[in-house]
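These notes concern the structure reproduced below.
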Amino acid sequence: MPTFVYMTRCDGCGHCVDICPSDIMHIDPTLRRAYNIEPNMCWECYSCVKACPHNAIDVRGYADFAPLGHSVRVIRDEEKGVIAWRIKSRNGETDMNLLAPITTKPWGTAIPKLSEAPEPGQEMRDSQLLFNEPKYVRMDDGDLHTLESNGLQMKAGVYY
Amino acid sequence: MPKTIVEDNIDILVAGAGLGGTGAAFEARYWGKNKKIVIAEKANIDRSGAVAQGLYAINCYMGTRFGENNPEDHVRYARIDLMGMVREDLLFDMARHVDSTVHQFEEWGLPIMRDPKSGSYLREGRWQIMIHGESYKPIVAEAAKKSADKVFNRICVTHLLMDDSKENRVAGAVGFNVRTGDYHVFKSKAVIVGAGGASNIFRPRSVGEGAGRVWYAPWSSGSAYGLMIGAGAKMTQMENRIVLARFKDGYGPVGAYFLHLKTYTQNCNGEEYESKWFPDLQKMVGKEYLDPELSHATHRPIPTCLRNHALINEINAGRGPIHMVTMEAFQDPHLEEIGWHNFLGMTVGQAVLWAATDVNPKYENPELTTSEPYVMGSHATGSGAWCSGPEDVSPDEYFWGYNRMTTVEGLFGAGDAVGGTPHAFSSGSFTEGRLAAKAACKYIDDGKAEGIRVSPEQIERRKEEIFKPMEHYKLYRNEIVAGSVNPNYINPRQGLDRLQKLMDEYAGGATVNYMTNDKLLHIGLKKLKLLEEDLEKVAAKDIHELLRAWELKHRHLASESVVQHTLFRKETRWPGYYYRGDAMKLDDENWHVLTVSRRDPETGEYTMEKAPCYHLVGDEEAAADADVA
Ligand SMILES: Cc1cc2nc3c(=O)[nH]c(=O)nc-3n(C[C@H](O)[C@H](O)[C@H](O)COP(=O)(O)OP(=O)(O)OC[C@H]3O[C@@H](n4cnc5c(N)ncnc54)[C@H](O)[C@@H]3O)c2cc1C
Ligand code: SF4
Ligand code: SF4
């Protein structure tokens, strides 16, 4: 549902502008604050909402099918590795808090730098293997599946 | 005129870094330690592409090491679901590598749920595993950033550069920065296109402010297709658009609801409706493709399109709406929570919609409906470029040297960009990127990219072309007092509206119940040509509109390809995705083939051909076959 920005909370930091995949969060040149310039290209993906350090962005359901008076709020915390949601329905009967993990490792620490991985040899280059394989591709930790190993052929014709 | 910024001596350029592109950039570093790897992405790779808001499931995981499935099982599943029309070499290859990708994601910190009893990943269905994937995209982006030399965010790539010394060889790409307006030139030995599929080429069901509420993200501009078609690469299965049965208006996912929460659908009278449409449908497609009894006995899946067919027909028969029966499952508080998490993890808008309309699925069964069509190649459909497969699997017709290389030398694809590989999803798309990266490094190491030359003339010509919509605006804006109505130009939104309306009405969109025929398609082509002329006169008042103008041009190229392919295949292969009213039956005798097209970049003329459909068969089946023959 399209986003909007609360005038008193926004300080024009531009985090939302930087992240919006649709390029529709822009800074108003006179007010120096952000707003959604093209609500009908908004996917309500909440990327900007999650990125705003001042919780200045909220979402109001699309006018053409969503009645007013609801709210779905979110706080994403990279340090704690969790995301917290609160859903409130229009009639107030649904009011839920939901929490989910976003990572199991301290942020950005567990991803290898492949420039530091040992260089693959010619045999590996000539094989069908990718980085780190055959680890994980087979139950018996054997080699990659091939037509031969699995008793298969590629045949033209009609097979169902 | 805008500033020109040239990035030279690139080895591997990744154009568009969603799931496919991040996979490519990550893996390329391993095979190309000293290579220069550069990403050009129109948004910010931390949250770009179809996975920007996260996912709650990884839909393609074999579990081979837990003894769950072998790659060929997945190939058979995709073949059945797509009514036979898949590239089984590419699918087998993706499936044999995808588990290593998924296990790496877990090592990187992606929370994957585990089955406490078996220790394996928690299954949603035979192929799907459940994740807490809100940060799926930031995590894979981190991996890509660690491998790439440079990441250029906010570059809309508009064209591929072609080698001026050797025909049909790629030499990089050009585009513009959507913030600064600078012209960017990337000279590269190889290019991996990961620019994603196409939403918004058929008129969406939503209107007005809600028009951004589409199933595939509104920024999925068909650029993978626009770029590759524009460079003269062959495309395949572009007629194979997809229609989704989803929660009405919010397009919330249904996979977890069906598979994990065990909800089911019924018509407005509370009746099961699917089975009664199957006898007639069986006459259209043949018993080999739809056999409910066999499916019941063996768990052979009923193809997605055929289930859509039943839903569409039940609504047309006056027994809508179709409801998802949630009231039973949601009595269990644990399942209720999963139901909501499922939306928050990947389609927040559906949660907003239910909150806004006071839908409590515990006490009310929400509505389902079918979406407008989408063109993409990694979900339950396989549109995309005609690519080479791996040498140890592919037959001659499917193999020309480098895995995932298109018919343009040095031009590779990943994810939605690659044709014939449905059911790759997020994990399969990332895996395809990895495969393309290894092959692209080999292409360079084999010396295939020697002597590339890009003339200054080519660079200048593209620059003029790219910024023309802004020049056009400046030229004619002051002829009128104000407003958006001008006799000399249309703006990108007006052009998009026209494209969507004509695709909807002539190429089988939602408002005509997905119906088209030869006559309608011919009219559609004519209107697309006229639109093409007007796109020369599209006007952009600022750089943001210039972005929309180029997205529109890419969507237009993709659309024309869809219509050409739909016209070529004279049968109804996927009832429920679209119907050829003049050829309502599936026709294996003439059309058990893959469709392949090429648009001549100079003339815009299309040539169409049929390519053989190879299937993966077990040795025993093949031997039995030989006996019969
Ligand atoms: C609603 C929804 C639910 C889904 N659910 C699941 C699921 O549960 N599980 C699962 O595994 N998969 C799921 N998928 C599928 C999965 O998201 C896709 O298969 C996958 O993201 C495709 O990868 P891709 O790289 O081809 O495209 P994308 O990930 O979309 O990436 C395309 C990239 O190209 C960029 N780009 C586009 N045009 C240009 C241009 N002109 N210049 C530069 N860059 C450009 C985009 O910004 C983007 O970063 C879902 C998809 C959607 C939309
Ligand atoms: S991120 Fe928040 S505070 Fe910063 S500009 Fe955007 S709305 Fe304003
Ligand atoms: S919700 Fe998503 S698409 Fe909409 S403005 Fe925010 S980041 Fe952009």
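The values are calculated or read from the model by the stated rules, or taken from the named source; none is laboratory data. Because the structure is predicted, anything quoted here is derived from the model rather than measured. Positions of Cβ are backbone-derived with ideal geometry, glycine not excepted, and every protein chain shown enters the neighbour counts. We work out accessible area using only protein heavy atoms, side chains counted, and drop any ligands, DNA or RNA first. Shrake-Rupley method; radii C 1.70, N 1.55, O 1.52, S 1.80 Å.
Starting from the amide H of B:Ile131, placed 1.01 Å from N in the peptide plane, find each other amide H under 5 Å away whose residue is 5 or more places distant or on another chain.
B:Ala57, B:Ile58, B:Met113
So if I take the centroid of the Cα atoms in the range B:382-428 and the same for the range B:213-266, what is the distance between those two points in Å?
Comparing the Cα centres of the range B:382-428 and the range B:213-266, I get a distance of 20 Å.
Okay, helix-only estimate at 222 nm for chain B: each DSSP H run of n ≥ 4 adds -39500 (n - 2.57), divide by all residues, round to 500 deg cm²/dmol; what do you get?
Details: 18 runs with 237 residues, N = 629.
Dividing the helical sum by the residues of chain B leaves -12000 deg cm²/dmol.
Roughly how big is the B-A contact, given as buried accessible area in Å² (both sides, 1.4 Å probe, nearest 100)?
Roughly 9300 Å².
Kindly work out what percent of the DSSP beta bridges joining two residues of chain B are antiparallel, to the nearest 5.
Percentage antiparallel, nearest 5: 65.
Using only the C-alpha atoms of the range B:93-159, find the volume of their convex hull and express it per residue in Å³.
So the per-residue hull volume is 156 Å³.
Looking at the range B:1-156, what % of its DSSP beta bridges pair antiparallel, to the nearest 5? Mind showing how you got there, number by number?
Working: 6 of 13 bridges.
Counting DSSP beta bridges with both partners in the range B:1-156, the antiparallel share is about 45 percent.
Averaged over its residues, how many other protein chain Cβ atoms are within 10 Å of peptide A:65-71's Cβ atoms?
The per-residue average across the peptide is 6.
How large is Rg/Rh for the range A:8-79, to two decimals, with Cα atoms and a Kirkwood Rh?
Here Rg/Rh amounts to 0.95.
Using the Karplus curve 6.51 cos²θ - 1.76 cosθ + 1.60 with θ = phi - 60°, work out ³J(HN,Hα) for each residue of the range B:547-558 in order, rounded to whole Hz, and write x for Gly and Pro.
Each residue of the range B:547-558 in turn: 4, 5, 5, 6, 4, 5, 5, 5, 4, 5, 4, 4 Hz.
Would you mind calculating the gained length between A:Ala117 and A:Glu78 on full extension (0.36 nm times residue separation, minus the Cα-Cα distance), in nm to one decimal? Could you put the intermediate results ahead of the total?
Working: separation 39, 0.36 × 39 = 14.04 nm, distance 2.71 nm.
Fully extending the segment from A:Ala117 to A:Glu78 adds 11.3 nm.
May I ask you to find the residues of the range B:87-111 that are shielded by at least 40 Å² of accessible area once the whole protein assembly is considered instead of their isolated chain (probe 1.4 Å)?
Residues losing area: B:Phe92, B:Arg96, B:His97, B:Ser100, B:Glu107, B:Trp108, B:Gly109, B:Pro111.
Given axes a ≥ b ≥ c from the Cα gyration tensor, I'd like to know whether chain B is rounded (a/c under 1.5), prolate (a/b larger than b/c) or oblate.
rounded
Mind scanning B:Lys448/B:Lys468; B:Lys36/B:Lys166; A:Lys105/B:Lys262 and naming the pairs with a C-alpha gap bigger than 29 Å?
From the list (B:Lys448/B:Lys468; B:Lys36/B:Lys166; A:Lys105/B:Lys262), the Cα-Cα distance tops 29 Å for B:Lys448/B:Lys468; A:Lys105/B:Lys262.
Which order do the peptides B:475-482, B:60-67, B:464-471 take when ranked by the mean count of other beta-carbon atoms within 10 Å per residue, highest first?
Peptide ranking by packing, descending: B:60-67, B:464-471, B:475-482.
Please express the Cα-Cα pair-distance distribution P(r) of the range B:465-519 as a list of whole percents, one per 5 Å bin, running from 0 to the bin with the greatest distance.
Cα pair-distance distribution for the range B:465-519, in percent: 4, 17, 18, 15, 12, 10, 11, 9, 3.
Carbon and sulfur atoms: what percent of the 1.4 Å accessible area of the protein assembly as shown do they account for?
50 percent
For the protein assembly as shown, with every protein chain kept in place, what is the accessible area per residue (1.4 Å probe, Å²)?
Values: 27970 Å² over 789 residues.
Here the residues of the protein assembly as shown average 35 Å² of exposed surface.
On average, how much area does the Cα convex hull of the protein assembly as shown cover when viewed from any direction, in nm²?
The Cα convex hull of the protein assembly as shown, projected and averaged over all directions, gives 32.3 nm².
Given the protein chains as shown and a 1.4 Å probe, how many square angstrom of B:Lys3 are accessible, to the nearest 10?
130 Å²
Just round it to a whole percent: the fraction of Cα-Cα distances in the range A:50-160 exceeding 22 Å.
Every Cα pair in the range A:50-160 considered, those over 22 Å come to 66 percent.
Go ahead and run the numbers for FRET between B:Glu364 and B:Lys501, Cβ-Cβ distance against an R0 of 41 Å, rounding to 0.05. Could the numbers behind the result be given before it?
Details: r = 34 Å, r/R0 = 0.84.
Efficiency for this residue pair is about 0.75.
Strictly over 28 Å apart at the Cα level, which of B:Lys42/B:Lys610; B:Lys145/B:Lys187; B:Lys137/B:Lys501; B:Lys537/B:Lys610; B:Lys283/B:Lys519 would you flag in this model?
In this structure, B:Lys42/B:Lys610; B:Lys137/B:Lys501; B:Lys537/B:Lys610 exceed 28 Å between Cα atoms.
What is the percent of Cα-Cα separations in the range B:310-431 that go past 22 Å?
Of the Cα pairs, 57 percent sit more than 22 Å apart.
For all pairs of alpha-carbon atoms in the range B:408-530, what percent lies in each bin of width 5 Å, listed from the first bin to the last filled one?
2, 8, 10, 9, 10, 14, 16, 14, 10, 6, 2, 0, 0
How many Cβ atoms of partner chains, on average, are near each residue of A:126-134 if near means within 10 Å of its Cβ?
6
Where both residues lie in the protein assembly as shown, what percent of DSSP beta bridges are antiparallel, nearest 5? Don't skip to the answer; put the middle values down first.
Numbers: 67 of 91 bridges.
Percentage antiparallel, nearest 5: 75.
I need the calculated FRET efficiency for the pair B:Asp392 and B:Val481, taking r as the beta carbon distance and R₀ as 60 Å, to the nearest 0.05. Let's see the in-between values first.
Details: r = 67 Å, r/R0 = 1.12.
That gives a FRET efficiency of 0.35.
Extending each Cα 7 Å along its Cβ direction at B:Leu294 and B:Asp332, get the distance between those two points in nm, one decimal.
Result for the modelled spin labels: 3.3 nm.
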